Amino acid sequence: MSRILVAGTGTGTGKTTVCLAVAAALKRRGLPVAPFKVGPDFIDAAHLAGVAGRPARALDAWMTSPDWVRACLARHEPPEGLALIEGMMGLFDGAGGTDDRGSSAEVARLTATPVILVVDAQGVARSAGALALGFARFDPALSLAGVIFNRVGGAFHRETLESAVAPLGVPILGALPWDPALAIPERHLGLLTPEARALSREQVDRFAALGGAGLDLERILDVAAAAPPLPEAPDGATAPAGSAVRIGVARDAAFSFYYQDNLDLLEAAGAILVPFSPLADERLPAGLGGLYLGGGYPETEAAALADNRGMREEIRQAVAAGLPVLAECGGFMYLCRAIEGDSGRHEMVGVFDAVIRFPGRGTLAYCAVDLVHPSPLGPVGLTLRGHEFHASSLVEPPPVRSHAYRVRRLPAGGPEVEGYLVGNALGTYLHLHWASCPEVARNFVETCRSHAAARPRAPVGRVP
């Protein structure tokens, strides 16, 4: 079992570029690559999954636990391939400013994974040595297994960079040139998602070619093979408590933000996940016991979502009939009354009597959540962790009778109420990672199962 963690000196250094080059080049050789992403991120992980051909999973010790991080990596590390972990932000950046909880460095230490540092070489020459030296010595408990330069200007630039770093004793594992053809366009919240603009076959081939030519893949694999074995992890599967139940999962350019572990936990609890598109489908799939509407970009697809009146009305009627629904961030926005922005006002489903403004107040924070009211996720008293990341705002909170969540945001936010309840529909701006409390997946499936058992036998919706 082999693994590496590709870290950076900060955001935008080229971690994703290097990981895509490694994954594409190794996949071309026929070597399995299992992608992972440190921290609360859906977009980079989705691009990695697309190139690797396997789901990408989040490794975040703050949102989950050290034991879960080790078990998740051990469970999905390919026996004859490479576990490729992309770090987040800078190597030591995490949930707070006084320690590295939630950071790439923490994940590397917890899993004894070799760290390869990506140095953005644009505008840097001999100073690259100072950068590498600082990162190598900052934490004595962590050692760098190598350095990769990104956005190198040419042969002379590369020679200068190597001469600055070589005396430090840190192996130089390659260099990638600046290639505008490989740049993935960005927008608010990060890169364009694969649903909005997937990497073309030509781009993937280009990543593979650059990885093969610019990276010392054999030495990278040797570094990865030096990682010690992880403790054997159970497969994580438990026998479902009842019959299978169909849960619709929104999947399209507007909704794509899901933690893979959440989906795995739902399936382990007995869910049959049925993808559908609120953008393209006129009706819900038949025979659903519940809905899971994840985050994404409903604000950029608001006009098309509004035009699909049939889907909006069907979801509104389903909620009125008691269908259990979990709507996170973008899914919550879709269930509100309208989204307003520079392009005008677009009517949404209207389950929650609130209006969303985009652009709004940007929010990025880890959060701890206590369940303070019974909801489709379970009873009062459960505690979960997750994150909040959006660029929109509620014009005013929905006037609901009950809130499901008491939220504490890092680093030092006071408790606030959130988690809006209307019938069996739970709407929230938060993305919760259910590995922090796996019981909620079983609770949600059981709620959906109970609803499915109680509904009339004639299904509503299209035949799959």
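The values are calculated or read from the model by the stated rules, or taken from the named source; none is laboratory data. From a predicted model like this one, the values you see are computed outputs, not experimental measurements. Here the Cβ is made from the backbone with ideal geometry for all residues, glycine too, and neighbour counts use every protein chain on show. Side chains included, ligands, DNA and RNA excluded: accessible areas come from the protein's heavy atoms. Shrake-Rupley method; radii C 1.70, N 1.55, O 1.52, S 1.80 Å.
Between ALA304 and SER243, what FRET efficiency comes out of the Förster formula 1/(1 + (r/R0)^6) with R0 = 35 Å and r the beta carbon distance, rounded to 0.05?
On the way: r = 36 Å, r/R0 = 1.02.
About 0.45, to the nearest 0.05.
Report the net charge of residues surrounding GLY413, where surrounding means a beta-carbon distance below 12 angstrom and charges are Lys +1, Arg +1, Asp -1, Glu -1.
0
Accessible area per residue for region 180-325 in Å², computed with a 1.4 Å probe and the full protein assembly in place, what is it?
I get 42 Å² per residue for this part.
Please report, in debye to the nearest 20, how large the charge dipole of region 74-145 is about its Cα centre when each Lys and Arg carries +1 at its beta carbon and each Asp and Glu carries -1 there.
So the magnitude is around 200 debye.
If you average the C-alpha positions of region 296-323 and of region 39-104 separately, how far apart do those two centres end up, in angstrom?
Region 296-323 and region 39-104 have Cα centres spaced 32 Å from each other.
Order these peptides, 249-259, 93-103, by their mean beta-carbon neighbour count within 10 angstrom, highest first.
Top of the packing list down: 249-259, 93-103.
When all protein chains stay in place, what accessible area (Å², nearest 10, 1.4 Å probe) is found for LEU293?
0
Put a dot 7 Å past each Cα toward the Cβ at ALA391 and ARG137; how far apart are the dots in nm?
In this crude spin-label approximation the distance works out to 4.0 nm.
In nm, to one decimal, how far is the ARG408 label point from the ASP205 one, both placed 7 Å along Cα→Cβ?
My value for the distance between the label points is 5.5 nm.
So what's the projected area for region 160-283, the Cα convex hull averaged over all directions, in nm²?
13.2
Where does the chain land at 222 nm, in deg cm²/dmol rounded to the nearest 500, when only DSSP H runs of n ≥ 4 count, each adding -39500 (n - 2.57), divided by all residues?
-9000 deg cm²/dmol
Give, in nm to one decimal, the length gained when the segment between LEU364 and ARG101 is fully stretched (0.36 nm per residue of separation minus the Cα-Cα distance).
93.1 nm
For the chain, what proportion of DSSP beta bridges, expressed in % and rounded to the nearest 5, is antiparallel?
Percent antiparallel among DSSP bridges in the chain is about 40.
Helix 439-454 sits at what angle to the longest principal axis of the chain, using alpha carbons and giving 0 to 90 degrees rounded to 10?
30
Over region 269-428, what portion of Cα pair distances is larger than 24 Å, expressed as a whole percent?
It works out to 32 percent of all Cα pairs.
Can you divide the C-alpha Rg of region 356-464 by 2.2 N^0.38 Å and report the result to two decimal places?
Scaled against compact globular proteins, the figure is 1.21.
How high is the FRET efficiency between GLU416 and ASP179 when r is their beta carbon distance and R₀ equals 45 Å, given to the nearest 0.05?
Plugging the Cβ-Cβ distance into 1/(1 + (r/R0)^6) gives 0.50.
Dipole magnitude of the chain about its Cα centre, charges +1 at Lys/Arg Cβ and -1 at Asp/Glu Cβ only, in debye to the nearest 20?
Using only the charged Cβ atoms, the result is roughly 480 debye.
Looking at region 59-119, which GluC sites (Glu not before Pro) are DSSP coil and have at most 10 other C-beta atoms within 10 Å of their C-beta?
Answer in residue order: GLU80.
Local charge sum around ARG246 (other residues, Cβ-Cβ under 12 Å, Lys/Arg +1, Asp/Glu -1)?
With Lys, Arg at +1 and Asp, Glu at -1, the neighbours total +1.
First select every other residue whose beta carbon is under 11 angstrom from the beta carbon of CYS336; then total the charges, Lys and Arg +1, Asp and Glu -1.
-2
Using a/c under 1.5 as the rounded threshold, could you call region 188-254 rounded, prolate or oblate? The axes a ≥ b ≥ c are square roots of the C-alpha gyration tensor eigenvalues, and prolate needs a/b larger than b/c, oblate otherwise.
Cα axes put region 188-254 in the oblate bin.
Of VAL400, GLY212, HIS387, which is farthest towards the positive pole of the chain's charge dipole, taken about the Cα centre with +1 and -1 on the beta-carbons of Lys, Arg and Asp, Glu respectively?
VAL400
Determine, from the Cβ-Cβ distance of ALA155 and SER65 and an R0 of 35 Å, the FRET efficiency 1/(1 + (r/R0)^6), rounded to the nearest 0.05.
Efficiency, rounded to the nearest 0.05: 0.15.
Just need the Rg to Rh number for region 1-160, please, alpha carbons only, Kirkwood Rh.
Reported Rg/Rh (Cα atoms, Kirkwood Rh): 0.96.
Going through region 290-368, which GluC sites (Glu not before Pro) have at most 13 other Cβ atoms within 10 Å and a DSSP loop state?
Numbers: sites: GLU299, GLU301, GLU313, GLU314, GLU328, GLU340, GLU347; in loops: GLU299, GLU301.
Hits after loop and neighbour filter: nothing returned.
Which listed residue (ALA164, LEU5, LEU176) has the Cα farthest towards the positive end of the charge dipole for the chain, taking +1 on Lys and Arg C-beta and -1 on Asp and Glu C-beta about the Cα centre?
LEU5
Based on the alpha-carbon gyration tensor of region 1-68, what equivalent-ellipsoid semi-axes (square roots of 5 times the eigenvalues) come out, in whole Å, largest first?
Over the Cα atoms of region 1-68, the semi-axes work out to 20, 15, 11 Å.
For the charge dipole of the chain, defined by +1 on Lys and Arg C-beta atoms and -1 on Asp and Glu C-beta atoms about the Cα centroid, which residue among LEU26, ALA61, ALA425 has the Cα displaced farthest towards the positive pole?
ALA425
Where nothing but the Cβ of Lys and Arg (+1) and of Asp and Glu (-1) is charged, how large is the charge dipole of region 276-343 around its Cα centre, in debye to the nearest 20?
Charge dipole, region 276-343, about its Cα centre: 280 debye, nearest 20.
So how exposed is MET1, as accessible area in Å² (1.4 Å probe, rounded to 10)?
About 110 Å², ignoring ligands and nucleic acids.
Multiplying the sequence separation of ALA454 and ARG401 by 0.36 nm and subtracting their Cα-Cα distance, what value in nm do you get?
16.6 nm
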